[in-house]
Every structure is written in structure tokens, then in C-alpha cells.
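Input: a single structure, listed below in C-alpha cells.
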Amino acid sequence: MTTRRPRIAVLDYGAGNLRSICRALAAVGADPEVTAEPLAVGAADGVVLPGVGAAGASMARLREAGLVAPLRQALDAGKPFLGVCLGMQLLYGHQEEGDTDGLGVLSGRVRSLGSGVKVPQIGWNRVRLVTDGPLGPSGDEHDAYFVHSFIAEGVDSADVVALSHYGEVFPSVVARGAVWGTQFHPEKSGIAGLRLVRTWVGLANAGEPLAPVTAVAQAIPA
Amino acid sequence: MSATVADLASLAPDLEDAGYRRVIPCLDVTNGRVVKGIEFVDLRDAGDPVGLAAFYDAEGADELVFLDITASSDSRRTMVESVERTADQVFIPLTVGGGIRSVADMRELLQAGADKVSVNTAALANPVLIDEGAHVFGRQCIVVAIDARRRPDGSGWSVFTHGGRRDTGIDVVRWAVEAARRGAGEILLTSMDRDGTKDGYDLPLLESVAGAVGIPVIASGGAGTLDHFAEALAPGRADAVLAASIFHFGQYRVEEAKRAMAAQGVSVRMAQR
């Protein structure tokens, strides 16, 4: 049986540490490439938009790098896409932080977490699937690692795959076809996070088999 | 169709904030080797930080701390390599501390794969380091470690530096408040009085600091029994517990500690849910 490693463009727009997400992609059988090259978006099997930082500055850098138009084109065409944290938030329209517009591919807007909780949320929290899909049946739960101050609201409920609760309910996984976004960091969420990355990489691999997840298990004693 | 928060909540009416308290094993590392590495499990190399990190990940540790206990520049170079190798295989948050003196030191470790850096002595000598680190990397990256010792006259706690050898005379609560104001994301609070005693965490110290800052406090120093974790994590005290020898020497396993904590009503994440 042949396996292949789908080529994933990890967009480098000054959004901080990209190594962790690249390592997670490599660990589940993908071939990640850090790039800021607009043509790489169309050429890759899938695109990852990582994100730590501010929405306003990040959109400005995406624009300067000439990445907005190819990203919109890829997203409209349904190319496999994974937005992580800020990368998920940028799928939406108006962003409170920086009073700027995101990519606007999904309907909804992004605002700060409400009062009464420590902001940013830093740490593990529960993620509950609210629809049946490639990540599992509705009602399934796993834990994930969050670092964020903003959430999506006014979203299309058809795009919501999973919810979490931090002072209030918010979308923690959204998807429209192979265009996915996670409010948490799957690359820091242990085995459950790697499973999510692997499932998404499988979409980018057009059904061909992937090498098994082994990297995490290697150093674990029997 | 635009869904309101109430619409989303109706999809999962019983969903609540997990409110997890964290359990964080701390590995003392020098020149790329773990000091006091665990020997009760069948690891090929008990002194290899990568294998230990993977072991604790599998056990359900929520985060890991690597502490460079020599903190020489040679040692930090090997620490960068250890962090790189660990981050290739372990996909939970990693904090690195020991000998970090500048934003450049922070950047080197964060680029190697650390998620947070912990500063102690250098932040006291140059508090602006906290502001700079938070500005460049975000406050979620910056942990301020405080070594506290109770004052003989009972007037609170003093901040000690240089591995607990030097009394700065600075009040611990006042320094914690200043660190938080300058941009610390968390306080790692070690009781020098309790460290190594197995008598339990210094609960009045935890209450004094947690009551004064709005950021998470990680309790360190004194864990000897499983009850000590739940005590430290009671409301108004710590958000996380750090422990070294209680896990390294196999007295308790992380998963066992978490089961005991859950039985006492502490919300904890169980391994690989």
C-alpha cells in the first residue's frame, strides 16, 4: 500500500511560533512547508493559518504579503484549510481587536471574552461536538489547550462543529467542508489535538492512506 | 442564519467551563540531563528529558516545566537542544526557566519550541524584562518565578534569589503584584520553607498572593501526600500545582494524583480524554 505525505503550506505572516504546528503536521504524516509565498497557497494540498497575536496587525501583514486574495480564492474553492486560534478568528468578518475586517469567509464576527473570567483564557478546557462529522458523533467530548482573549459570535450555526464554555458558550471548532477552524491549539492538546490534525490532513490527502501516528508513542515506555 | 450565544447554548445546555486545575511535573535539568530522573519505570534513559517528558504527557500531566539548575550559558545551549527534541514529540505546553536574562534568551527558547519562559533573579534585577517579554511575546508566555521565605518576625514573606540563597528583603506579595502589573501571565510561587519537607504547600502564602493578583498562581514546594494537592487548589489558593520529587521517585503517579484530586472535588483533566 502506498502512502503519501500531503504538502501543507503553513503561512508565515509574523504570527509567532510556527514550529509546534509544523511538528504536529509532520507527526501525523504531512509534509509542512513554512511559506509567505502567495503562489504556495494554490500549489499546496492544504493551507494552515496559525495564529498568535493581534487581528489588526495580522490582517495588515497578510495584505502586505499579498496573501489575502489567494487565501480568499482557496477558501471559496473549498481547499482544505485549518485556521488555528487567531487563524480561525480571521475566517470571520468584523474583528473587535484592531476594529478591522477579517477574511469574511464565514458569517459572524469576533469580540472579546466577556467579563467575570480571567482573560486571556489560558489552559485546558472541554470541547463538545454538537454535530456528527469526521471528528466523531455529536455529544463526544475531548479536552484541548486554549490561549485566547477573543471568541466568534453571531456565527452560522451550520458551521459550528464543537462548543466550549468559558464564562459563556463559544464555538471551539467550526467547519464548512474542508475549511476548518479551531479556537484552541491542537498542536498543544496532546493526543486529542493530534487526532484532529490527522483527520484534517486526511481531507487534504484526498482519501489516500496516511502513515500511522507514531511520533508521540515512540518515547513512551511500555 | 446567525446564531446568538443563547442559540449556541441551546445546542449544549449542560456544557460548563471545565475549570481544570493543572498538575505540572518539574524536571531539573543540567547540561541536557535530568537530575533525579525517574527510575521506577522502564525508560531506556532515565536522565533523558525527552523520554521523561513523553512519559509525563502519557500520564496526563497538563504541562511541563524544565528548570535549568546550573543556568550557565553552556547549559542553556544544551537546554535549547533538549527543548527542540522534546517539542518534536511532546504536544503539551512546555515552560523553560533558569538563567534567562534577556529578551534574546527568551526568543531562543520560544523558537526552540517552549511555550512559556520563566524568569526569576533577572526579573528582580531588571523588572523591565517582564514588560519587554510580555510586549514582544504576549503575557501568556511570561511566567515570573518567586522564591519565598517566611520572615522570622512573622511579617510575611521575603523574596529570595540565586536559588534561594540571597534575601532581597522585598515583600513577596508586593513583588507578585508588580510582576502581574508589568505583564506576567502567571506566578510560579515556591515556598523555600516547605521545599523538600513533604509537609505540604504553604497555604497562607498561596492565599496571600492569590488574593492580591488576578493572574494564575502555580504552587510549588512541599508536596508530600496526595491530599496536599487538593489543599493547595482549594478556592482562593493556587490554580496549578508544580511537583518534582513526589513524581520522579514513583511515590505517586500523575494519574493517581489526579484521581485522588477528583475524588476531593477538584476538577482535573484525565489522561488523553
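The values are calculated or read from the model by the stated rules, or taken from the named source; none is laboratory data. Just so it is clear, the model here is predicted, and its values are computed rather than measured. As a convention, Cβ positions derive from the backbone with ideal geometry for all residues, glycine included, and neighbour counts pool all protein chains shown.
Restricting attention to the range A:128-146, the residues that are in contact with a Leu (Cβ under 8 Å, 6 or more places away or on another chain) and either over 25 Å from A:VAL117 (Cβ atoms) or outside any strand (DSSP E or B) (or both) total 8. When the residues of the range B:111-128 are filtered to those that are in a helix (DSSP H, G or I) and closer than 17 Å to B:THR95 by Cα, the one that is farthest from the other protein chains (Cβ to nearest Cβ) is B:THR121. Given the conditions (1) surrounded by fewer than 21 Cβ atoms within 10 Å (Cβ to Cβ); (2) within 10 Å of chain A (Cβ to nearest Cβ), which single one is not true for B:GLU81? Of the numbered conditions (1) surrounded by fewer than 21 Cβ atoms within 10 Å (Cβ to Cβ); (2) within 10 Å of chain A (Cβ to nearest Cβ), the odd one out for B:GLU81 is (2). The criterion of at least 3 residues that are surrounded by fewer than 18 Cβ atoms within 10 Å (Cβ to Cβ) is met by the following strands (runs of 3 or more DSSP E) wholly inside the range B:161-234: B:166-171. Looking at the range A:94-106 only, could you name the residues that are among the small types (Gly, Ala, Ser) and crowded, with 17+ Cβ neighbours inside 10 Å? Hit for the range A:94-106 is A:GLY102, nothing else. Within the range A:160-186, the set of residues being in contact with a Gly (Cβ under 9 Å, 6 or more places away or on another chain), surrounded by fewer than 23 Cβ atoms within 10 Å (Cβ to Cβ) and at the interface with another protein chain (Cβ under 9 Å from one of its Cβ atoms) comprises A:GLY167, A:GLU168.
For B:ALA145, the conditions (1) assigned to a strand (DSSP E or B); (2) closer than 20 Å to B:GLU63 by Cβ; (3) without any contact (Cβ under 8 Å) to a residue 40 or more places away in the chain all hold with the exception of (3). For A:GLY53, the conditions (1) within 14 Å of chain B (Cβ to nearest Cβ); (2) buried (at least 21 other Cβ atoms within 10 Å of the Cβ); (3) assigned to a loop (DSSP other than H, G, I, E, B); (4) not basic (Lys, Arg) are fulfilled apart from (2). Among the criteria (1) crowded, with 22+ Cβ neighbours inside 10 Å; (2) more than 9 Å from every other protein chain (Cβ to nearest Cβ), the one A:TRP124 does not fulfil is (2). Out of everything in the range B:39-48 that is within 21 Å of B:GLU84 (Cα to Cα) and either facing chain A (nearest Cβ under 7 Å) or crowded, with 16+ Cβ neighbours inside 10 Å (or both), what residue ends up being modelled with the highest pLDDT? Among those that are within 21 Å of B:GLU84 (Cα to Cα) and either facing chain A (nearest Cβ under 7 Å) or crowded, with 16+ Cβ neighbours inside 10 Å (or both), it is B:ASP48.
Name the residue, out of B:GLY32, B:GLY51, that is within 9 Å of chain A (Cβ to nearest Cβ) and of a type in the set (Gly, Ala, Ser).
Just a single option satisfies the conditions, and that option is B:GLY51.
One residue stands out among those in the range A:147-159 that are modelled with pLDDT of 95 or more, part of a strand (DSSP E or B) and more than 7 Å from chain B (Cβ to nearest Cβ): the one that is farthest from A:GLY123 (Cα to Cα), which is A:ALA152. For B:LEU226, state whether it is touching a Cys at 6+ places or on another chain (Cβ under 6 Å) and under 22 Å from B:ASP28 (Cα atoms). No: the conditions fail for B:LEU226. Among all positions in the range A:11-29, there is no residue which is at pLDDT 95 or above, within 14 Å of another protein chain (Cβ to nearest Cβ), outside any helix (DSSP H, G or I) and surrounded by fewer than 16 Cβ atoms within 10 Å (Cβ to Cβ).
Okay, residues lined up against (1) without any contact (Cβ under 8 Å) to a residue 12 or more places away in the chain; (2) hydrophobic (A, V, I, L, M, F, W, C); (3) touching a strand residue (DSSP E or B) at 6+ places or on another chain (Cβ under 6 Å):
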| position | (1), (2), (3) |
| --- | --- |
| B:THR78 | no, no, no |
| B:ASP88 | no, no, no |
| B:LEU94 | no, yes, yes |
| B:SER102 | no, no, no |
| B:ALA122 | no, yes, no |
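Given the criteria at the interface with another protein chain (Cβ under 10 Å from one of its Cβ atoms), surrounded by fewer than 20 Cβ atoms within 10 Å (Cβ to Cβ) and in contact (Cβ under 8 Å) with a residue 12 or more places away in the chain, does B:GLY19 qualify? Taking the combined requirement at face value, the residue satisfies it. Only residues that are surrounded by fewer than 22 Cβ atoms within 10 Å (Cβ to Cβ) and within 14 Å of chain A (Cβ to nearest Cβ) were counted across the range B:93-102, and they come to 0. Considering only residues that are surrounded by fewer than 16 Cβ atoms within 10 Å (Cβ to Cβ), farther than 23 Å from A:HIS142 by Cβ and in contact (Cβ under 8 Å) with a residue 40 or more places away in the chain, which ones fall in the range B:246-273? Scanning the range B:246-273 gives B:PHE249, B:GLY250.
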